[in-house]
Amino acid sequence: MNQWVYDEAKKIIAAGKRVGLVGGDHSSPFGLIKLLSETMADDFGILHIDAHADLRFQYQGFHHSHASIMRNVMSLPKPPKLVQIAIRDFCEEEYEFSHTNARVTTHYDGDIKSGLFEGRSWKSMVEEFLSDLPQKVYISFDIDGLNPQFCPHTGTPVPGGLTTDQVFYIFRQVVKSGRQIIAFDLNEVSTGGLTPAETEWDGNVGARVLYKLSCALLSSHPASGANPTSPVGPIRPANGS
Ligand SMILES: [Mn+2]
C-alpha cells in the first residue's frame, strides 16, 4: 500500500495537481509524506490533529501501524517538522520520543483545555501552534482529534478533543498566516455503525471536514484565484484543478 500511494501521488503531482488523501486508517498517508519529503526542495511541517500521538515504534508487533505513522514519518531521511494538536492518548515511549526530538512539538489536549478554561483565546493558542510550522504545511487529520460526538464510530475514540469550529478556525488561520498547504490527509472516518442511520453522522462530519480541507488547500495558493478570507471557502478555480 505504501508503494502504491507513493506511485499514485507521484503521478498526480507530475500532472500539476495537488493531493488530498482519504483513508483508511492513519497508516495510509505514509507513501505520500515519504514522496513529499524526498521531492520538496523546502522544509515543510506537518500539522497533525489527532487524539493519539502515533509515535510508537510499533504497535502489536506491526511496524506500519496506524499508531506508528508519525514515528515512521520522523524516521525518514529528511523528516519534516511535526506539530501535534489535541493529543490525549499516548504511552511513555511516545512522550519520551516527543520530548527528546527537537523537530516534534506536542500540544496536549489537557493543556489546551486548561488554557481555554483559564481565559486564553483560541486565536492566541492557534498562533502558538502555527509558530513552529514553516511556510509549507501538510495537514494530517485523524478524525478522532475531534470530540467523539463528531465521530462516534471511529475506531479508537477518546473523550475530550476539539470541535469542528475550532478545527476550521485552525485551517483558516493557516491560510491567513500566508502559509501554503502542500497536501493533506483525512483518515479514520468510520462507517462502522450497525445501521446506515447510525453511520450517517460520521460520514456527514467527515464530508464537511474534507470540503473544508480542500477549500483551505486551494485558498492557500493564491494563484488559484481563490479568496483566502472567504468564510465559506473559495470558488472553484476556472482551471478546474
Ligand atoms: Mn492517528
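Taken over the stretch 203-224, the criterion of being farther than 16 Å from Ile139 by Cα and open to solvent by less than 30 Å² (accessible area, probe 1.4 Å) is satisfied by Val205, Ser224.
So that you can scan it fast, the table gives a plain yes or no per residue for (1) under 21 Å from Ile181 (Cβ atoms); (2) of a type in the set (Gly, Ala, Ser):
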| position | (1), (2) |
| --- | --- |
| Gly20 | yes, yes |
| Gly45 | yes, yes |
| Phe57 | no, no |
| His66 | no, no |
| Asn72 | no, no |
| Lys78 | yes, no |
| Val83 | yes, no |
| Arg88 | no, no |
| Cys91 | no, no |
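Scanning the stretch 167-183 for residues that are outside any helix (DSSP H, G or I) and among the polar types (S, T, N, Q) yields Ser177, Gln180. Total residues in the stretch 184-209 satisfying the condition of being aliphatic (A, V, I, L, M), under 26 Å from Tyr108 (Cβ atoms) and not in a helix (DSSP H, G or I): the figure is 2.
The values are calculated or read from the model by the stated rules, or taken from the named source; none is laboratory data. This structure is a prediction, so every number in the text was calculated from the model and none was measured. Cβ atoms come from the backbone with ideal geometry, glycine included; neighbour counts cover every protein chain shown. Accessible surface areas use protein heavy atoms only, side chains included; no ligands, DNA or RNA. Shrake-Rupley method; radii C 1.70, N 1.55, O 1.52, S 1.80 Å.
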